[in-house]
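This report refers to the structure that appears directly beneath it.
The values are calculated or read from the model by the stated rules, or taken from the named source; none is laboratory data. On a predicted model such as this, the values are computed, not experimentally measured, just so you know. Here the Cβ positions follow ideal geometry from the backbone for every residue, glycine too, while neighbour counts run over all protein chains shown. Heavy atoms of the whole protein, side chains included, go into the accessibility calculation; ligands, DNA and RNA do not. Shrake-Rupley method; radii C 1.70, N 1.55, O 1.52, S 1.80 Å.
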Amino acid sequence: MESHLLLTWMLMCLLPKTLNAQAGAPEGVLNCCEGDVLFLLDSSGSVSSYEHSRMLDFLSGLLLPFSLGEDQVRIGLLQVGTQPRVEFGFDTFRTQSGLQGALRGTKPLRGDTNTVEALKIAKDQVLRPGPVNGARPGLPRVLVWLTDGVKPGDVIGPMTELREEGVAVLVVSTGHGNYQVLRQVASPPVENHLYFVDIDDMSIILEDLRDAIIEIIRAERINVRDVSSNAATLQWRPVLSGLAGYYEIRFGPLPSGGTGTGGSGPGTSPSTGGSHYERLVQSSDSDTVRLTGLKPDTTYTATLTPESNEQAFNTLSVTFTTQSEIQSLAMVTVSESGPTSVRVSWAPLQPEAVTSYFIEYSALPTGKLHTVIVDRRQNSTLLKNLQPDSTYLVTVSARHSSGKEKAMSVKACTQEETPALTDLQLTTVDSHSLQVDWKGSFDGLRGYWLTWEGQQRVAQRSSFYLPPSSLSTRLTKLPPSARVCVSPIYKTARGEGLCCMAKFASDASTYGYRS
């Protein structure tokens with residue numbers, strides 16, 4: 001009875017300390033993040049009971065400062081043994097007391113180190129976005145693998161698949177694992193995501209590992225997008241949704257000597273140092289605002305303050321730099337290449353600063369220079385009437401409203417010209433008639449010129465024109481032996497044709513051979 005009372009007294013002393021530890025959480029961890037973190041814990045036979053308990057103690061301290069919940073961080077635990085098992089999924093715990101209790105009650109599985117099967121479970125059941133215990137779509141996913149490094153199996157392939165699906169992989173090895181293998185499975189940068197530590201010294205990597213996780217799942221409460229030379233868009237999480245209130249936005253040039261990080265975080269409104277700033281107010285159901293009238297190539301600071309009588313919120317800040325008014329083209333590409341045409345595309349579009357795009361092109365080495373002017377809202381054009389099987393130098397210039405230009409060049413190659421006429425066939429109809437068929441494949445044809453010539457002592461010859469849509473005709477009253485030729489007609493000349501010999505015989509039905 002006395003021992004039971006003593007144990008009860010010890011638990012009562014220890015429990016409040018655990019539950020209240022969040023009050024002293026490291027600065028910036030509470031409410032910092034939003035993401036799903038799965039811990040892959042080696043509890044096979046190669047891990048002793050002492051080592052297993054030390055790993056769990058490490059996880060307890062690592063996770064204690066985080067805020068848990070649907071809009072915060074969610075934690076899952078998958079143990080590795082002969083038959084890996086999900087101890088709890090992402091939807092299981094929304095309070096630290098529940099999570100800490102589950103960690104204290106976790107027992108090792110023992111058996112073989114079946115890490116490959118555990119990774120399959122992680123991929124198919126836990127880290128895959130889904131409505132029940134699955135990861136949340138659009139949010140960061142993290143896999144933290146704690147292993148003693150003993151015979152992990154062929155994990156490179158499964159880990160690579162997880163990384164390719166957007167899962168960040170962090171590794172902690174407490175033994176003598178294969179560095180090359182672990183280095184290949186950890187997500188870059190490896191120096192921040194791969195740790196080797198003795199089981200009794202795990203506390204020395206606790207803050208570094210926590211910071212690495214935070215860096216991946218930190219909730220970007222306010223960010224900047226669509227930055228141009230004179231405008232930018234602020235976007236934030238709509239924390240006032242469903243509440244009465246409004247958002248106050250202030251923005252202005254960063255004071256001289258200030259440093260802009262491009263990041264965001266809670267805090268007071270940054271000092272303007274006497275600089276002018278503008279103030280905007282947005283309704284509680286909004287989550288973006290467009291800042292206009294900005295100066296090119298200037299660093300700005302902006303603050304967002306959610307105001308509501310129902311709940312207090314931190315002021316958030318962000319810095320950003322507008323683009324230079326004269327922005328270079330970042331990319332010029334060539335596609336849809338044919339014998340006489342190619343499509344040229346460019347990026348980025350700059351309709352607010354560019355008046356038009358000027359395209360110059362000529363065949364190398366000394367071809368005639370051609371030019372095209374394209375509307376500022378257009379990001380590609382088709383260059384026509386080019387020479388087949390030729391190399392062109394194409395230059396795209398962005399003409400800015402200031403009168404300045406920025407240009408980029410690229411080489412474009414046209415394809416070889418497809419034969420205008422192929423597969424000439426002659427088929428006898430009767431003793432003096434032929435069916436003539438061929439295939440044509442050139443869009444620029446004006447028609448075909450057909451000629452037949454008798455091969456007797458007395459020369460017989462006839463020629464006539466056929467429209468480009470004609471791919472066959474019938475010849476009658478031919479001599480016993482005749483040569484038939486079909487030639488393509490272009491805009492300026494007649495092209496090289498095909499010819500076949502026809503000989504009539506009582507037992508023949510088809511003649512057609514190249515002469």
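Protein-only accessible surface at a 1.4 angstrom probe places the residues MET408, MET331 in the order MET331, MET408, largest first.
With every protein chain in place and a 1.4 angstrom probe, the accessible-area ranking of LYS120, LYS477, largest first, reads LYS477, LYS120. Note: relative contact order over the stretch 344-434, using C-alpha pairs below 8 Å and six or more positions apart, is 27 percent. Estimated at the nearest 10 Å², the accessible area of GLU165 is 80 Å² with a 1.4 Å probe. Of the peptides 450-458, 365-373, 205-213, the ranking by mean beta-carbon count within 10 Å, highest at the top, reads 205-213, 450-458, 365-373.
What is the packing order of peptides 45-53, 478-486, taking the mean over residues of other C-beta atoms within 10 Å and listing the highest first? Please list the in-between numbers first.
Numbers: 45-53: 16.2, 478-486: 18.2.
With the highest mean Cβ count within 10 Å placed first, the list reads 478-486, 45-53.
Descending by average beta-carbon neighbour count within 10 Å, the peptides 153-159, 240-246 line up as 153-159, 240-246, the highest first.
Using a probe of 1.4 Å on the protein chains alone, the accessible area found for VAL80 is around 0 Å². The stretch 410-439 and the stretch 313-388 have Cα centres lying 39 Å from one another.
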